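The next block holds one structure in the form of structure tokens; read it before the comments.
The values are calculated or read from the model by the stated rules, or taken from the named source; none is laboratory data. These figures come from a predicted structure and were not determined experimentally. Note that each Cβ is placed from the backbone with ideal geometry, even for glycine, and that neighbours are counted across all protein chains shown. When the accessible area is computed, the model is the full protein with side chains, heavy atoms only, and any ligands, DNA or RNA have been set aside. Shrake-Rupley method; radii C 1.70, N 1.55, O 1.52, S 1.80 Å.
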Amino acid sequence: MIYKSKIIAALFVITVVMTAAVLGPDKKFISISYPESWPKPVYDFSKSPLENAKVELGRHLFYDPILSLDSSISCSSCHLSFTAFTHVDHALSHGIGDSIGTRNSPVIFNLAWSKELMWDGAVNHIDVQALAPINHPLEMGESTEHVLMKLNRNDFYKQRFKAIYKSSVIGSKELLSALAQFQLSLVSCGSKYDRYMAGDKKAEFSEQEKRGLILFRKHCSSCHPEPLFTTGEFANNGLAMDTVLKDIGRMRITLQKTDSLKFKIPTLRNIEFSFPYMHDGRFKSLNEVLNHYRKGIHESSTLAPELRGGVSISPEEKTDIVAFLLTLSDRSFLLDPKHAFPKN
């Protein structure tokens, strides 16, 4: 599923729905673009519109290990652009000093449509989300105050922040704003599925992919509805509790027993590249994930009703569903140089 740039350019002209972010006429503000069939973002861009310079500054910060205590970990350490902005070679996130976290890192794109963030919804607004990894002892192990001290001593950042935010002192508000702006600019909506839904004849589904879409809508869409492929809600998907991590999920935040073992439902976009799967990264392949839903469901009082008794699909149907899921890969987004490590 490699698409030529000419095809992408043609689609843009026809549908105006397949790009991630475009500059406004004055080249100061950025507006995200997405298919007309999508819901409106929950993020209020009227209060904090994307600005090109802020997004660029946020990109520099995102890739800079200056945010961590020992300058060894950046945001991108756990959120690699070419792997759907998550890590892929280990189950749990890694932090400073070879520390190991307690959860798999989630993907971070299409966040303008997210009400709550993190696997347990511990953060309810992207404008403050970065405080969590920066101050977590098993992630960046820093303090916000020390990060600001380092940034205010750094000529590159002092000049950039002053030019953009018109203040000679970098504060937490400006730091968090820049990081949020970059993350909000990450919109993935250029997969084969998107082109197929837009009527592009060059993105026609195979018979297997069509069967997979029908099966997906029958068995999976209650938790992963189109077009975002997530409800954004929290659910217990039948995973037995890890006896070492003892992670109770959403209940850790709400203290409600009814939220026990519930975790945020992740988007399935770019799932081909976002392995390992689940909040603790216990599954390495889509086959393992679907086998869990077929025969591995752990029954409990908070289990999602749709999963009681397991999902009834045959091995052949499982293969068809996987074929459909692969149409959700958006290589034009993953390989977009605007999202990669800044070279200057």
Filter result for Gln181 (of a type in the set (S, T, N, Q), open to solvent by 50 Å² or more (accessible area, probe 1.4 Å) and part of a helix (DSSP H, G or I)): no
Which count do you get for residues in the stretch 211-239 that are within 24 Å of Glu316 (Cβ to Cβ) and touching a helix residue (DSSP H, G or I) at 6+ places or on another chain (Cβ under 9 Å)? 15
I'd like the residue in the stretch 91-116 that is more than 12 Å from the chain's Cα centre (by Cα) and in a helix (DSSP H, G or I) and, out of all such residues, is surrounded by the most Cβ atoms within 10 Å (Cβ to Cβ). Ile96
Subset of the stretch 300-344, residues out of contact with any Gly (no Cβ under 9 Å at 6 or more places or on another chain) and small (Gly, Ala, Ser), comes to Ser301, Gly309, Ser312, Ser314, Ser329, Ala340
Taking the options Asp194, Asp120, name whichever one is assigned to a loop (DSSP other than H, G, I, E, B), open to solvent by less than 50 Å² (accessible area, probe 1.4 Å) and touching a residue at least 12 places away in the same chain (Cβ under 8 Å). Asp120
Report every pair of residues separated by at least 6 positions or lying on different chains whose Cβ atoms are under 6 Å apart, first residue within the stretch 91-107 and of a type in the set (A, V, I, L, M, F, W, C), second not in a loop (DSSP other than H, G, I, E, B). Leu92/Ile100; Val107/Thr86
Of Val289, Val311, which residue is of a type in the set (A, V, I, L, M) and touching a helix residue (DSSP H, G or I) at 6+ places or on another chain (Cβ under 8 Å)? Val311
Anything in the stretch 73-90 that is surrounded by 21 or more Cβ atoms within 10 Å (Cβ to Cβ), assigned to a loop (DSSP other than H, G, I, E, B) and touching a residue at least 40 places away in the same chain (Cβ under 8 Å)? List them, or say none. Ile73, Ala84, Phe85
